[in-house]
Amino acid sequence: MTQSALVVGVTGIVGRALASLLVKEGWQVAGLSRHATTQLGVTPVTADLRDGNGLTRALASIRPSHVFLCTWSRQATEAENIRVNSAMVRAVLDAVRPAGTVRHVGLVTGLKHYLGPFEAYGRGVLPQTPFREDQGRLDVDNFYYAQEDEVFAAAARDGFRWSVHRPHTIIGQAVGNAMNMGTTLAAYATLCRETGRPFHFPGSPVQWHGLTDMTDARLLARHLLWAATTPGAVDQAFNVVNGDIFRWKWMWARIAQWFGLEPAPFTAKNAGGILPLERQMADDAPLWAALAQRRGLVEPDLARLASPWHTDADLGRPIEVVTDMSKSRRLGFTDYQATDDAFFDLFGELRAHRLIP
C-alpha cells in the first residue's frame, strides 16, 4: 500500500528535509505552506493555518495516512504563542478529519520542552541534563505543551497514533525560516570575511566551554519516518539529536576554517559579556544587499537568511545542553550524524544554491 503524507510547513527546515526523504521512499507527499513549494515530487497545498475555513477548503481533496506537523508561528508573548500555535494544530487536525484516513500524526517540538519558553529561557530552576523524555513538564506556560495537548485530544477523538519529536537546534536549509542557526552563522561568517571584521563567538562562557549537541534536519526526517512506521514507537515522545557531543570552542574553529577565517579569541576581555549577533549584525542588511548584487547571490534580504535572535538565545544559555537518545536507541533507531559535517554539508548546499558566495 502506498503511504501518503501531509507535511505541514513543507518549506521550512524540517518539512523540506522530510518531504525530500518521503519522496525518495516512494510516498505520495502533499506539502502545506503559505507559499507553494516547488519541491520535486511534492504536491503543493497553499493555505494559512490561521484561516480555518481556508485550510479546510485547501485540504478537502487530501487524504493522508500520515500528518507531520513541522511548523510554528512566533508571537510576541508566550500566551500568544499558546493561543496561535495550538489553534493551528487544531485547525489542521480538524481539516483532515472528514477524510477518515489519518493513521499517524507526528509533531515536531524541541528542547524548550525542558528549558522553558523564550520568555523564561534558562531562568529560575535550571533543568537537569542530559534531558530525558521522562522528565515532566515545567510549571510554566509553554506552547509546546499546548501543541501536544491538541494532538493528544484529536488522537483520542479520531483514533490515530502519534509521536512527538524533540530536536535540539536544527541544522538545515530553508529561506525565510524563523529559527536557522546554520544559515545565520554562514551569513555572519561571510560578512566577517568580506568586511575583515573579527569572527567573534556570540554566546556565553558556558556554551563556549561546555558540552552540547545539535540535530541535523535530515536525521530528524529519518526519525519522523522511523517513528511513523515502527509499531513499538507509537504514542510516545522522543528526543532526537545527532549522536555526537562537542564544545563550541572546538566547533567555532571548525566553522571558521571552512570560511577561511581565524576565529577571534574568546578571552577574559569578552568572556564576561556576550557579544550577541543581533547587535553585531544590526546594521548589516545594506552590506548583505550590496554583497548579493556584487557576487550574484539569489537572496539579497539578510532577514530571510539570518535569525540572530534565535542563535543568540541558543548560544547564550547559562547551562550545558546535552540530550539523551537512549529511548530511541533501545527501540532500534541508531542513525548518527557528525555535527561538523552537518554544518559543512549545509554550507556547501548554500553555496551551490548561490545563497552565500
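Using 0.36 nm per residue of separation minus the Cα-Cα distance, give me the extension gain between V298 and S73 in nm, one decimal.
Here the segment from V298 to S73 would lengthen by 78.5 nm.
For the range 110-258, just say rounded, prolate or oblate: build the C-alpha gyration tensor, square-root its eigenvalues into a ≥ b ≥ c, call rounded for a/c under 1.5, and beyond that prolate if a/b exceeds b/c, oblate if not.
Details: a/c = 2.19, a/b = 1.74, b/c = 1.26.
Taking the square roots of the gyration eigenvalues as a ≥ b ≥ c, the range 110-258 is prolate.
Can you tell me how much longer the chain between L331 and R351 gets when fully stretched, taken as 0.36 nm per residue apart minus their C-alpha distance, in nm with one decimal?
3.5 nm
With labels modelled as points extended 7 Å from the Cα through the Cβ direction, what inter-label distance (nm, one decimal) is found for A99 paired with D51?
It works out to 2.0 nm between the two label points.
Using 1/(1 + (r/R0)^6) with R0 = 41 angstrom and r between the beta carbons of L40 and T195, what's the FRET efficiency to the nearest 0.05?
Values: r = 37 Å, r/R0 = 0.90.
Calculated value: 0.65.
Just to be sure I understand the model, the point goes 7 Å from the Cα along the line to the Cβ. What's the resulting A60 to A289 distance in nm?
Reported label-point gap for A60 and A289 is 4.2 nm.
Using a Gaussian network model on the chain with a 10 Å cutoff between Cα atoms, which of Y336, Y144, Y188 fluctuates the most?
Per the Cα network of the chain with a 10 Å cutoff, Y336 tops the list.
Based on Cβ point charges of +1 for Lys and Arg and -1 for Asp and Glu, what charge dipole magnitude is obtained for the chain about its Cα centre, in debye rounded to the nearest 20? Let's see the in-between values first.
Working: 36 positive and 35 negative charges, 102 e Å.
It comes to approximately 500 debye.
Which whole-number percent gives the relative contact order of the chain, counting Cα pairs below 8 Å spaced six or more residues apart? Intermediate results must be reported in sequence, preceding the final value.
Working: 694 pairs, mean separation 67.2, N = 357.
So the answer I get is 19 percent.
Could you tally the net charge around P308, taking each other residue with its Cβ under 15 Å from the Cβ of P308, Lys/Arg +1 and Asp/Glu -1?
My count for the surroundings of P308 gives -2.
What is the sum of charges, Lys and Arg at +1 and Asp and Glu at -1, for the other residues whose Cβ falls under 9 Å from the Cβ of D141?
Working: positive: none; negative: E78, E119.
Cβ neighbours under 9 Å give a net charge of -2.
Whole-Hz ³J(HN,Hα) for each residue in the range 136-153, computed from phi via Karplus 6.51 cos²θ - 1.76 cosθ + 1.60 with θ = phi - 60°, x for glycine and proline: what do you get?
x, 5, 6, 8, 9, 5, 7, 5, 4, 5, 5, 4, 4, 4, 5, 5, 4, 5
When the Cα centres of the range 1-72 and the range 301-349 are compared, how far apart do they sit, in Å?
If we compute the Cα centre of each part, the gap is 23 Å.
Given the rule -39500 (n - 2.57) for each run of at least 4 DSSP H residues, summed and divided by the residues of the chain, what is its mean residue ellipticity at 222 nm, to the nearest 500 deg cm²/dmol? Each step should come with its number before you reach the end.
Values: 15 runs with 148 residues, N = 357.
That calculation yields -12000 deg cm²/dmol at 222 nm.
Projected onto the charge dipole of the range 4-167 (+1 at Lys/Arg Cβ, -1 at Asp/Glu Cβ, origin at the Cα centre), which of G159, V140, I62 gives the Cα projection farthest towards the positive end?
Positive-most Cα among the choices belongs to I62.
In whole percent, what relative contact order does the range 4-167 give with Cα contacts below 8 Å and a gap of six or more residues?
This gives 21 percent for the range 4-167.
With a ≥ b ≥ c the root eigenvalues of the C-alpha gyration tensor of the range 141-204, is it rounded (a/c under 1.5), prolate (a/b larger than b/c) or oblate? Write out the running numbers ahead of the final one.
Details: a/c = 4.57, a/b = 3.20, b/c = 1.43.
Prolate.
In the chain, if the dipole is taken from +1 on Lys/Arg beta carbons and -1 on Asp/Glu beta carbons about the Cα centre, which of T323, T190, A313 is farthest to the positive end?
Checked the options; the winner is T190.
R132: net charge of surrounding residues, Cβ under 14 Å, Lys/Arg +1, Asp/Glu -1, itself excluded? Could the numbers behind the result be given before it?
Values: positive: R137, R166, K327, R329, R330; negative: E133, D134, D213, D324.
It works out to a net charge of +1.
Determine ³J(HN,Hα), in whole Hz, for all residues of the range 297-305 in sequence, where each value follows from phi through the Karplus function 6.51 cos²θ - 1.76 cosθ + 1.60 and θ = phi - 60°; x replaces Gly and Pro.
7, 8, 10, x, 8, 4, 5, 7, 10
Looking at the chain only, what percent of DSSP beta bridges run antiparallel? Nearest 5 please.
Numbers: 2 of 35 bridges.
Among the beta bridges of the chain, antiparallel pairing accounts for roughly 5 percent.
Coordinate-derived values only; no laboratory data. Note that this is a predicted model, so its numbers are computed, not measured. FYI the Cβ positions are ideal-geometry reconstructions off the backbone, even for glycines, and counts take in every protein chain you see.
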